[in-house]
1. Could you say which residue among Glu146, Glu139 is within 17 Å of Pro79 (Cβ to Cβ) and not in a strand (DSSP E or B)?
2. Are any residues in region 116-167 without any contact (Cβ under 8 Å) to a residue 12 or more places away in the chain and aliphatic (A, V, I, L, M), and if so, which ones?
3. Which residue out of Asp121, Asp82 is under 18 Å from Met11 (Cβ atoms) and acidic (Asp, Glu)?
4. Quick check on this structure: which one of Val51, Val119, Val106, Val95 is open to solvent by less than 60 Å² (accessible area, probe 1.4 Å) and touching a helix residue (DSSP H, G or I) at 6+ places or on another chain (Cβ under 6 Å)?
5. Count, please, the residues in region 12-32 that happen to be surrounded by fewer than 17 Cβ atoms within 10 Å (Cβ to Cβ) and under 19 Å from Gly162 (Cα atoms).
6. Can you name the condition, by its number, that Gly87 falls short on among (1) modelled with pLDDT of 95 or more; (2) open to solvent by 20 Å² or more (accessible area, probe 1.4 Å); (3) not hydrophobic (A, V, I, L, M, F, W, C)?
7. Could you tell me whether Gly142 is out of contact with any helix residue (DSSP H, G or I) (no Cβ under 9 Å at 6 or more places or on another chain) and at pLDDT below 95?
8. Being open to solvent by 40 Å² or more (accessible area, probe 1.4 Å), in contact with a Leu (Cβ under 7 Å, 6 or more places away or on another chain) and not acidic (Asp, Glu) is the requirement here; does Lys39 meet it?
Amino acid sequence: MLVKTNRGYKMVMELCYKTSFSVIGKKGSTEDGEGFIQKLWEEANSNFGEVAHLAKKDKHGNILGVWGAMSDFTMSYRPWEDNFTKGLYLAGVEVVDEAEPPTGWVKWTIPSFQYAYTVADSANTFNEGITYLDDNKMELVGAVQEFNCPEDGQVYLFYPIGKVHEA
């Protein structure tokens with residue numbers, strides 16, 4: 001999200017802590033070629049009925065989160081390599097930690113982090129966020145995660161800026 005200031009536009013970031021969470025989805029990688037993320041979402045959405053019962057839900061039965069989860073190729077949840085051009089992507093839904101993925105689905109458990117996050121309201125949001133972190137002396141310590149919020153319909157980018165050690 002950008003806010004107009006006297007000197008132009010400035011990105012607005014919020015900070016939060018998120019404990020580890022699990023996502024079940026369809027996995028692919030940048031090695032799968034152009035458009036692989038869109039193809040993963042099409043596959044995940046068309047087969048969502050297979051995992052819908054595993055999704056975390058609020059007290060009204062609404063799904064709590066849909067994630068475009070990312071990791072480096074070592075599955076260490078570090079940022080994508082080669083200037084953020086090579087890595088893994090999981091198009092999925094947040095699930096209870098003990099959920100087992102059905103055949104053809106993959107489960108990731110994203111570690112706890114402190115995040116700086118913002119609304120992804122343009123094609124440049126990712127790069128603007130990286131610049132924001134650099135300008136504000138924040139270090140990216142993990143892969144950026146894409147959160148599709150069912151409550152407000154917005155897409156957010158979560159930039160991990162600190163590891164959180166759970167007790």
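1. Going through Glu146, Glu139 in turn, the sole match is Glu139.
2. Ala123, Ala167
3. Asp121
4. Just a single option satisfies the conditions, and that option is Val95.
5. Within region 12-32, the first condition is being surrounded by fewer than 17 Cβ atoms within 10 Å (Cβ to Cβ), and the residues that meet it are 12, 14-17, 19-20, 29, 31-32.
The next check asks that each one be under 19 Å from Gly162 (Cα atoms); those that pass are 12, 14-17, 19-20.
Qualifying residue count for the region: 7.
6. (2)
7. no
8. No; evaluated as a whole, the condition is false for this residue.
The values are calculated or read from the model by the stated rules, or taken from the named source; none is laboratory data. Because the structure is a prediction, the values reported are computed rather than measured. Note: ideal-geometry Cβ built from the backbone for every residue, glycine included; neighbour counts use all protein chains shown. Only protein heavy atoms, including side chains, enter the accessible area calculation; ligands, DNA and RNA are left aside. Shrake-Rupley method; radii C 1.70, N 1.55, O 1.52, S 1.80 Å.
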